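Note sheet for the following structure.
The values are calculated or read from the model by the stated rules, or taken from the named source; none is laboratory data. Treat the numbers as computed from the prediction; the structure is a model and nothing was measured. We place every Cβ from the backbone using ideal geometry, glycine too, and count neighbours over all the protein chains shown. Just the protein is used for accessible areas: all its heavy atoms, side chains included, with ligands, DNA and RNA removed. Shrake-Rupley method; radii C 1.70, N 1.55, O 1.52, S 1.80 Å.
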Amino acid sequence: MRRRISGAPAIAVVLGLLIPLAGCGDSGDAADGEGTLRLVAAEYGDTPATSSKAFWDKVTADFTAAHPGIKVEVKLLPWADIDREVSRMVKAGKAPDMALMGSYSDFAAQGKLYSADELLSVTAEANFLQPLAEAGSIGSTLYGLPFVASSRLLFYNEGLFKTAGVKPPKTWAELKAAAQALKNKNVKFPYAMPLGPEEAHAEALIWELSNGGGYADSSGNYSLASEQNIKTWSWVKDNLIADGLTGPTPPSQLNRADAFAAFLRGEVGMLNGYPSLYHDARAKGIGVGTIEMPVSDNIGSGETPPTVGVADWMMAFKQNGNRKPIGQFLDFVYQDKNLSEFASRYHLLPSTTSASRAAAGNGGIDKTDTQFLTALRGAQLYPVNDPSWVTVSDTIKRNIGRAVEPTGNPKAVLEEIAAKAAEASKHR
């Protein structure tokens, strides 16, 4: 992302520091209700004022007050570094007790993680939203505890649409027609398509799902070079790229952050976004409409493919033998009030059924965020439960943009990505 859900990377001044929360102490076995737990967590803020530190300061202090003798230290790391740093810690035999980051399955495959049923009550484990619980499970065992999530919808600039005299599209043909009308009114990016290496795998999955494709088949096996996916990128190349409807920056060079910044400058007619972008645009006085991604004309507007969902994962490492206090802390963190507070702080969606209902019923999220919550309930997530996904997603991010270059060959590029994915899977 490298903030996978909600925005630009956090600045270094507030990151990479060990922040002692609710006291300090040795990280010994806390099975007797005493000791210190260590959590390495991604930083969701992008300024000192929005840093996640304030949340963790409060929640860990409240936890220690309720559980005297168990203290928690939290180390915040930027999204760009956390996967690498936690992996380094684990390899060095210095795993934290818990980590909050964007992937978990590699550690689970190595037998490094506690399963949810070793940590949480049956009620708490069953409380996760179903699509998130499925993505957090390997086989039938939940290892990645979803923390906060988001889903994607198509955003359109209401003012630009009114000027161009077009309505929100429901099919690819209508999307193309709207983009052409926007281009005729000199809109810089009629449809912004970020296929640069920052987060191309999100944009790619959105388009592939809208044509009945995707990253995996019904058996969970990678299907990256499926006939549907090849047709998707051939259509995009021939109908949007060739006609100059994606703007002056080639999609392979356009990163999500740059596309979002252009949207906030009023230069984009349409792009796929998530709640925080809506709130940022509204704060700048930009009228934003949100709809589900238009579908291929081969599918027809009567069908609704799943939206793309994204989640971040809490995991607990076995190395330090602190199963009982870790479970106590996670039970506390996942209380509705705590989870909802964190989610609302960053315009994200809580990962549990009860917190989602509470937020929707008590004004915790606004009307637009409720649309994203509805979409999340039926969303398809990345295949994060495959240990090779980290490698495969990086391959997609760095290569899918080549499929729509003027000299690109969608079939050849997708087959190349699929071959690299097969190789990554063999080595797991």
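Observations on the structure shown:
- Three-way shape call for the range 111-175 based on the alpha-carbon gyration tensor, with the a/c threshold at 1.5: prolate
- Entry note, the chain: the mean residue ellipticity at 222 nm calculated from DSSP H runs of n ≥ 4, each adding -39500 (n - 2.57), is -11500 deg cm²/dmol after division by the residues and rounding to the nearest 500.
- Legend: P(r) of the range 200-307 from all alpha carbon pair distances, 10 Å bins from 0, whole percents, reading 12, 40, 35, 12, 1.
- Proximity of backbone amide H atoms, modeled 1.01 Å from N, is registered between Val187 and no other residue at under 5 Å, excluding neighbours fewer than 5 places apart on the same chain.
- Under the Karplus curve 6.51 cos²θ - 1.76 cosθ + 1.60, θ = phi - 60°, whole-Hz ³J(HN,Hα) for the range 185-194, x wherever Gly or Pro sits: 9, 6, 5, 4, 10, x, 10, 8, 10, x
- Calculated translational diffusion coefficient of the range 51-119 (20 °C, 1.002 mPa s; Stokes-Einstein with Kirkwood radius over alpha-carbon pairs) equals 155 µm²/s.
- In terms of the mean number of neighbouring beta-carbon atoms within 10 Å, the peptides 140-149, 121-130 order highest first as 140-149, 121-130.
- Restraint check, Lys71/Lys94; Lys318/Lys397; Lys91/Lys318; Lys183/Lys411, Cα-Cα greater than 22 Å: Lys318/Lys397; Lys183/Lys411
- Two numbers describe the Cα atoms of the range 93-142: Rg and Dmax, which are 11.3, 33 Å.
- Each DSSP beta bridge with both residues in the chain is either parallel or antiparallel, and the antiparallel ones are about 65%.
- Dipole size of the chain about its Cα centre, with +1 on Lys/Arg Cβ and -1 on Asp/Glu Cβ: approximately 800 debye, rounded to the nearest 20.
- Net charge, Thr141 excluded, C-beta distance under 13 Å - Lys, Arg +1, Asp, Glu -1: -4
- Dmax and Rg, reported as Rg then Dmax, of the chain (C-alpha, Å): 21.7, 70
- Highest to lowest packing among 155-163, 86-94, 265-273, scored as the average C-beta count within 10 Å: 265-273, 155-163, 86-94
- For the chain: accessible area per residue (Å², 1.4 Å): 39 Å²
- Taking all C-alpha pairs of the range 244-333, those more than 22 Å from each other amount to 55 percent.
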